[in-house]
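Q: The structure follows.
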Amino acid sequence: MYLEYKEGVRICIISANTLALYLRPMVVKQTGKLAKTRVIVIAALSVAIFLLIALEDHPLFIERYYSEGLYPLICRILHPVFNIFPFSVGDILYIAVIGFIIYAVVRIVKLCLKKQFRQVGTFLLGIVIGIQTSALIFYLFWGLNYYRPTAGELLNLRDSSCTTADLKAVTAMLIDSANSCRSRLTPKDLAESNDFIYQAATEAIRRLSSDPVQFRTFNPGIKPSILTPLLNYIGTSGYYNPFTSEAQMNYQMPIFTRPVTACHEMSHQMGFAAEDEANFVGFLAGINSRDRLLRYSSYHLAMGEFMYALYYRDSLLNKELKSRELPAVHNDFKTERAYWLSYQGKIGILSSIFYDRFLKANNQPQGLKTYNRMVLLVMAMYRERIVHSP
């Protein structure tokens, strides 16, 4: 249809449907080119990720060139930068990812309703590239630490033997230490602010890192997680963000569990990726601290792990040693259990399944059970002090 002005200029008016028919071949051609480019990128990223994962069988190479080479450089850059922010940048990043997932689902549904399946495919290819890029950054920024030699090998704590008598003896020692530390706590200690707890934990990690080369850390720091309400429901006391190298923790859980959790998360900053190793390093930092609450928190953690291990080895011995606990220590365990039970639900079960599979995929074949392998490391440390029962 044409309209003619008095000046004699004719303007062509094309309907929306006609314009769409005219532009469709161009859109299809551009979409096809974009899809091909993204397929090539996906193939290249797949090769890169495969090569990194192939290093799993070369722990000494990882230790020399990554854990003692590239990773410290990454820490020297990321830690000072993100320590500037009083809040967790990693939390903001994860919130943004959740927002993008919602946007992606809405967009895919809209495109499907419009039967624009080519664009859906191209969009999904872009998402795959995003996931692969995240995986690559994860391994390069921190994840390769999963493939380094174990803490037992690095710290010469390789004695993995653990008889029931040994387990009972060390458990009794840890109970006595927990009792002693708990009896020294004052009401003021149990009312410490989170900022004070973070400071004490950071000082303990720095003190530990001043000795052996394996405990080196660079500008360690711990932050309260913005996602703490969610962490409660998924039963998580804290987490380490490998993309920003930030250690975050649940700031609402019982106060006597917070200090050693802070040390645990900062142990991940040192490059101890395995959960049992981070627990052990956090325990070491805590028991050598001058802060009374942190020392008790550390023995509380170790005592709980050992009592759990002893229960499955000999439930009668577990019951026997429970009578050794001070009432205050026993009540703290009840308080901790009640706290997590109050949030327990299906979301916590699903998150546990997901995290268990994540650990198994990253050189921790025992999954969540690796938290209890801390027992073997502590046993090896205490082996010279074990007093055998008659």
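Q: Filter the stretch 229-251 for residues that are over 25 Å from N372 (Cβ atoms) and polar (S, T, N, Q); which is surrounded by the fewest Cβ atoms within 10 Å (Cβ to Cβ)?
A: So the residue we want is T244.
Q: Restricting to the stretch 327-336, count the residues that are charged (D, E, K, R) and exposed (fewer than 12 other Cβ atoms within 10 Å of the Cβ).
A: Going residue by residue through the stretch 327-336, those that are charged (D, E, K, R) are 332, 334, 336.
Keeping just the survivors that are exposed (fewer than 12 other Cβ atoms within 10 Å of the Cβ) gives 334.
Count: 1.
Q: Just checking, how many residues over the stretch 112-126 are among the aromatic types (F, W, Y) and closer than 12 Å to V39 by Cα?
A: Residues flagged as among the aromatic types (F, W, Y) and closer than 12 Å to V39 by Cα within the stretch 112-126 amount to 1.
Q: Here is a further query. If we only count helices (runs of 4 or more DSSP H) wholly inside the stretch 6-98, which ones have 1 or more residues that are modelled with pLDDT under 95 and among the polar types (S, T, N, Q)?
A: Filter on the stretch 6-98 gives 16-53.
Q: Next question, about the same structure. Here is a list of conditions, (1) free of Cβ contacts under 8 Å to residues at least 40 places away in the same chain; (2) acidic (D, E); (3) closer than 24 Å to I62 by Cβ, and E320 meets all of them except one; can you say which number that is?
A: Only one criterion is unmet by E320, namely (3).
Q: If I ask for residues that are among the charged types (D, E, K, R) and either under 21 Å from R295 (Cβ atoms) or in the same structural domain as F87 (by TED's automatic domain parsing) (or both), which ones from the stretch 197-247 would you list?
A: The answer is E203, R206, R207, D211.
Q: Determine which single condition V128 fails, assuming it passes every other condition in (1) within 30 Å of the chain's Cα centre (by Cα); (2) modelled with pLDDT under 95.
A: In the conditions (1) within 30 Å of the chain's Cα centre (by Cα); (2) modelled with pLDDT under 95, V128 misses (2) alone.
Q: In the stretch 194-219, what residues are hydrophobic (A, V, I, L, M, F, W, C) and within 20 Å of R76 (Cα to Cα)?
A: The answer is A201, A204, I205, L208, V213, F215, F218.
Q: Moving to a separate point now. Just the residues that are surrounded by 21 or more Cβ atoms within 10 Å (Cβ to Cβ) and either free of Cβ contacts under 8 Å to residues at least 60 places away in the same chain or farther than 20 Å from T164 by Cβ (or both), please, taken from the stretch 288-306.
A: If the condition is that a residue be surrounded by 21 or more Cβ atoms within 10 Å (Cβ to Cβ) and either free of Cβ contacts under 8 Å to residues at least 60 places away in the same chain or farther than 20 Å from T164 by Cβ (or both), then S289, L293, L294, R295, Y296, S297, S298, Y299, H300, L301 are the ones that fit.
Q: Could you say which residue among R184, R158 is at pLDDT 95 or above, basic (K, R) and surrounded by fewer than 16 Cβ atoms within 10 Å (Cβ to Cβ)? Lay out the reasoning, then the answer.
A: Values: R158 fails: at pLDDT 95 or above.
Result: R184 is the single residue among R184, R158 that is at pLDDT 95 or above, basic (K, R) and surrounded by fewer than 16 Cβ atoms within 10 Å (Cβ to Cβ).
Q: Continuing with this model, one more query. Checking A309 against (1) part of a helix (DSSP H, G or I); (2) loosely packed, with under 14 Cβ neighbours inside 10 Å: exactly one of these is not met. Which one?
A: (2)
Q: I need the full set of residues from the stretch 242-254 which are over 26 Å from E192 (Cα atoms) and touching a Ser or Thr at 6+ places or on another chain (Cβ under 9 Å), in order please.
A: F243, T244
Q: Of the conditions (1) under 29 Å from the mean Cα position of the chain (by Cα); (2) loosely packed, with under 14 Cβ neighbours inside 10 Å; (3) in contact (Cβ under 8 Å) with a residue 60 or more places away in the chain; (4) farther than 27 Å from G271 by Cα, V105 clears all except one; give me its number.
A: Going through (1) under 29 Å from the mean Cα position of the chain (by Cα); (2) loosely packed, with under 14 Cβ neighbours inside 10 Å; (3) in contact (Cβ under 8 Å) with a residue 60 or more places away in the chain; (4) farther than 27 Å from G271 by Cα one by one, V105 breaks only (3).
The values are calculated or read from the model by the stated rules, or taken from the named source; none is laboratory data. Please read all numbers here as calculations on a predicted model, not as lab measurements. Because the Cβ atoms are built from the backbone with ideal geometry, glycine has one as well, and the counts that use them run over all protein chains shown.
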